[in-house]
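Asks: Handing you this structure, nothing more for now.
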Amino acid sequence: MTEAPSMREVLGEDAPNNWGKWGPDDELGCLNYLDSSEVLRGIGEVKTGEVFTLQTQMGHPKGDPVFPGRKSMERENVLDESSWGPGKDDAPQFPGGVHYADDVAKIFLQGSSQYDALGHVWYDGKIWNGYDAKTTIGGLSKASILPIAEKGVVGRGVLIDMARHRGKEHLDKGETFDHNDLLAAAEKQGVTIERHDILLIRTGFLGYWYKTTPEEFYDDFNEPGLTYSRELVEWFQQTEIPNLVTDTIANEVTKDPETGVMLPLHCALMRNLGVALSEVIWLDDLAEACARDNRWSFLYAAAPLKVVEGTGAPVNPIVIR
Ligand code: UVW
């Protein structure tokens with residue numbers, strides 16, 4: 001096996017970069033593009049009032065679709081009606097006799113539908129905006145999920161259905177596409193990807209998780225997705241995409257087919273450009289509705305949980321069309 005090149009070698013010394021564009025203290029990156037005029041542009045897309053919630057279920061009996069090495073949510077019920085059974089004195093005895101149920105959960109913050117913090121991924125010792133990667137130690141003191149959660153993400157969303165474009169239920173493992181494919185699919189759908197659009201891409205791969213077994217899903221794990229090229233990164237920068245949202249665990253083809261490098265777009269788009277990444281987002285129902293009346297743009301709104309110093313946080317985005 002030949003050794004993979006370094007991220008710096010793949011992306012180049014002069015990789016497209018937005019560091020400093022919003023000042024030395026920025027922790028929002030391209031979400032800065034989403035000002036109130038962008039909110040109104042999104043609202044302008046609402047025609048029928050249909051609502052879609054895009055989070056996958058947490059603690060599904062089958063398990064949760066997570067990146068290898070992570071675990072499904074572990075939810076434990078610590079208080080329920082049996083807590084007040086005969087001989088059990090530990091449960092709170094409230095005047096009036098009210099009972100209640102409580103759960104404790106252990107979750108990976110990246111273990112469900114989620115936003116990544118801009119400081120979630122890095123190379124060469126620097127995270128988004130040039131902050132030292134040591135700021136990640138013990139919790140993200142820079143570019144955590146908190147600023148994204150405090151701001152919220154609202155704007156015009158556009159869905160590109162790559163699976164439908166290729167006539168497939170879902171893309172295959174390792175199958176790739178680029179910005180030119182997105183533009184071709186958009187043209188076929190009759191929609192334009194506009195400047196500052198929140199870009200949603202459906203591969204059908206999350207649906208595949210629910211249809212197949214975990215063994216099959218993780219065998220030779222290599223999700224389909226966008227593949228790195230300098231031109232693709234420049235297209236993202238020029239189109240000023242604030243947020244990339246996909247129905248895969250990691251937003252891009254897991255292993256770059258040309259170099260063998262893992263997750264180069266996390267570095268090129270998130271670490272260098274400041275594009276917010278949202279993963280494990282359920283798009284099948286939305287895609288069905290969009291295909292029915294051939295309307296692929298809508299109001300998109302999301303706010304991850306406000307986890308102090310978090311590397312990311314669960315989210316249940318809402319689309320209104
Ligand atoms: C990794 O960081 C490995 O993946 P994700 O962005 O999907 O959390």
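The values are calculated or read from the model by the stated rules, or taken from the named source; none is laboratory data. Quantities reported herein were computed from a predicted structural model and do not represent experimental measurements. Counting neighbours? That spans all protein chains shown, and the Cβs are built from the backbone with ideal geometry, glycine included. When the accessible area is computed, the model is the full protein with side chains, heavy atoms only, and any ligands, DNA or RNA have been set aside. Shrake-Rupley method; radii C 1.70, N 1.55, O 1.52, S 1.80 Å.
Asks: In segment 123-196, which helices (runs of 4 or more DSSP H) lie fully inside it and hold 1 or more residues that are within 24 Å of S229 (Cβ to Cβ), in the same structural domain as W282 (by the TED database) and polar (S, T, N, Q)?
Replies: The qualifying helices (runs of 4 or more DSSP H) are 179-189.
Asks: Could you list, in sequence order, the residues of segment 45-59 that are in contact (Cβ under 8 Å) with a residue 60 or more places away in the chain and open to solvent by 40 Å² or more (accessible area, probe 1.4 Å)?
Replies: Residues satisfying the conditions are V46, K47, T48, G49, E50, V51, T53, Q55, M58.
Asks: Turning to a different aspect of this structure: From the list I107, I127, I148, exactly one residue is open to solvent by 40 Å² or more (accessible area, probe 1.4 Å) and touching a residue at least 60 places away in the same chain (Cβ under 8 Å). Which is it?
Replies: Exactly one residue qualifies, and that residue is I107.
Asks: For Y115, indicate whether it is closer than 20 Å to N18 by Cβ and open to solvent by 10 Å² or more (accessible area, probe 1.4 Å).
Replies: Numbers: closer than 20 Å to N18 by Cβ: yes; open to solvent by 10 Å² or more (accessible area, probe 1.4 Å): no.
No, not satisfied.
Asks: Residues being touching a Phe, Trp or Tyr at 6+ places or on another chain (Cβ under 9 Å) and among the β-branched types (V, I, T): count how many of those fall in segment 288-321.
Replies: Residues flagged as touching a Phe, Trp or Tyr at 6+ places or on another chain (Cβ under 9 Å) and among the β-branched types (V, I, T) within segment 288-321 amount to 4.
Asks: Is it true that some residue in segment 30-37 is touching a strand residue (DSSP E or B) at 6+ places or on another chain (Cβ under 6 Å), open to solvent by less than 30 Å² (accessible area, probe 1.4 Å) and in contact (Cβ under 8 Å) with a residue 60 or more places away in the chain?
Replies: Within segment 30-37, one or more residues are touching a strand residue (DSSP E or B) at 6+ places or on another chain (Cβ under 6 Å), open to solvent by less than 30 Å² (accessible area, probe 1.4 Å) and in contact (Cβ under 8 Å) with a residue 60 or more places away in the chain.
Asks: Kindly evaluate R8 against the criterion of being open to solvent by 60 Å² or more (accessible area, probe 1.4 Å), among the basic types (K, R) and under 23 Å from T248 (Cα atoms).
Replies: Answer is no for this residue.
Asks: Also, I was wondering about something else. Of the conditions (1) surrounded by 10 or more Cβ atoms within 10 Å (Cβ to Cβ); (2) within 30 Å of E215 (Cβ to Cβ), G69 fails just one. Which one is it?
Replies: Every listed condition holds for G69 apart from (1).
Asks: Now, a different point. Examine segment 77-90 for a residue that is closer than 30 Å to P24 by Cβ and without any contact (Cβ under 8 Å) to a residue 60 or more places away in the chain, and state whether such a residue exists.
Replies: The answer is no, given that none of the residues of segment 77-90 is closer than 30 Å to P24 by Cβ and without any contact (Cβ under 8 Å) to a residue 60 or more places away in the chain.
Asks: Something else now. Could you grab me the full set of residues in segment 72-94 that are modelled with pLDDT of 95 or more and open to solvent by 100 Å² or more (accessible area, probe 1.4 Å)?
Replies: R75, E76
Asks: Identify all residues within segment 151-161 that are open to solvent by less than 40 Å² (accessible area, probe 1.4 Å) and either within 21 Å of W22 (Cα to Cα) or touching a helix residue (DSSP H, G or I) at 6+ places or on another chain (Cβ under 6 Å) (or both); write none if there are none. Full working, then the answer.
Replies: Taking segment 151-161 and keeping what is open to solvent by less than 40 Å² (accessible area, probe 1.4 Å), we get 152-153, 155-161.
Matches in segment 151-161: G152, V153, G155, R156, L159, I160, D161.
Asks: How do the strands (runs of 3 or more DSSP E) wholly within segment 213-321 filter down when requiring 1 or more residues that are away from the ligand (no atom under 16 Å from the Cβ) and surrounded by fewer than 23 Cβ atoms within 10 Å (Cβ to Cβ): which remain?
Replies: Filter on segment 213-321 gives 297-302, 318-320.
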